[in-house]
Amino acid sequence: MTVIARLYVIRHGETEWNRARIIQGQADSQLNDLGETQAAMTGEALKAIHFDKAFTSDLSRASKTAEVILQHHPDVILVKDQDLRERFMGKLQGTKGPTNPSEPSLEPIEAMVERSVGWYNREIVPYISSLTDNPDGRCRNILVTSHGWLIKSFFKFMTASGVLECTEDLLGASPRIPNASLSVVEYSTIGSGSGQRLGSTVVRYGDASHLTGTQILQDNADMDALKS
């Protein structure tokens, strides 16, 4: 088995709206001081990784997190993509829960998952395929910064559909995706010749161990607000 690539998926650092339990959705809230510290700690933890590509939600809290991390990787081009945005919370953005889970202005979860999977199929799948077709022995690394609900829903769908392999224990160990937490997918070629196949395995999920010593929120105001 040869590891050909790793995908590092990181939730943005903390914002004041996170701290105040205000529904953010696609409102463009900023990192607070702790959020910038969390981004810097994540960057420090990943500074030895050679990133080949970097993608982020175009919302400030995610793009700023990526920019802080990439201070250690100044030659990497950061690509902003609206498909990596958090779930659009419609009229609920800027309010506090609990609230109506049937609010008609909410983006359907299925639509959020569809755009995140569409992004993956457009940007990641062809790149990984190119590595399997032309292996050179070097592991490529991809950075992605996005949002808690999107990350959780993306991994849930991709593992349930069998696109990504993951143990129940790993997914269950982190039921939430804390701010600045890290999830990693490892891509490897298994076998050789006509029997070779690509393995895509989640090896870390919602891991915030690099943030030891900081205060980490364990809730998500957007998700919690719609609980019945």
Relative to the chain, whose Cα atoms define the longest principal axis, helix 109-119 and its Cα axis are tilted in degrees, nearest 10, by 40 degrees
With Cα coordinates, the longest principal axis of the chain makes an angle with the long axis of helix 148-160, in degrees rounded to 10, of 40 degrees
Of all DSSP beta bridges having both residues in the chain, the percent classed as antiparallel (nearest 5) is 50 percent
Rounded to the nearest Å, the spacing of the alpha-carbon centers of the stretch 1-63 and the stretch 190-207 is 25 Å
Quick shape check on the chain: root eigenvalues a ≥ b ≥ c of the Cα gyration tensor, a/c under 1.5 is rounded, otherwise prolate if a/b tops b/c, else oblate, and it reads prolate
For the pair Lys227 and His210, the simple spin-label estimate (label points 7 Å beyond Cα toward Cβ) gives in nm 2.9 nm
Between Asp81 and residues 5 or more places away or on another chain, the pairs with built amide H atoms under 5 Å apart involve Thr56, Ser57, Asp58
GNM on the chain, Cα springs under 10 Å; top mean-square fluctuation among Gly213, Gly148, Gly118 goes to Gly213
Counting only protein heavy atoms with a 1.4 Å probe and every protein chain in place, the carbon and sulfur fraction of the accessible surface of the stretch 50-185 in whole percent equals 51 percent
Per-residue ellipticity at 222 nm attributable to helices in the chain (runs of n ≥ 4 DSSP H, -39500 (n - 2.57) apiece, nearest 500 deg cm²/dmol) works out to -9000 deg cm²/dmol
Violations at 22 Å Cα threshold for listed pairs Lys96/Lys227; Lys64/Lys152; Lys53/Lys80; Lys156/Lys227; Lys64/Lys96 -> Lys64/Lys96
Taking the stretch 131-198, the whole-percent share of alpha-carbon pairs separated by over 16 angstrom is 59 percent
Extension length gain for Ser105 and Glu44 (0.36 nm per residue less Cα distance), in nm, is 18.0 nm
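The values are calculated or read from the model by the stated rules, or taken from the named source; none is laboratory data. Bear in mind that the values here come from a model prediction, so they are computed numbers and not experimental data. No Cβ is skipped: glycine too gets one built from the backbone with ideal geometry, and neighbour counts run over all protein chains shown. Note: accessible area is taken over every heavy atom of the protein model, side chains too, but ligands, DNA and RNA are not part of it. Shrake-Rupley method; radii C 1.70, N 1.55, O 1.52, S 1.80 Å.
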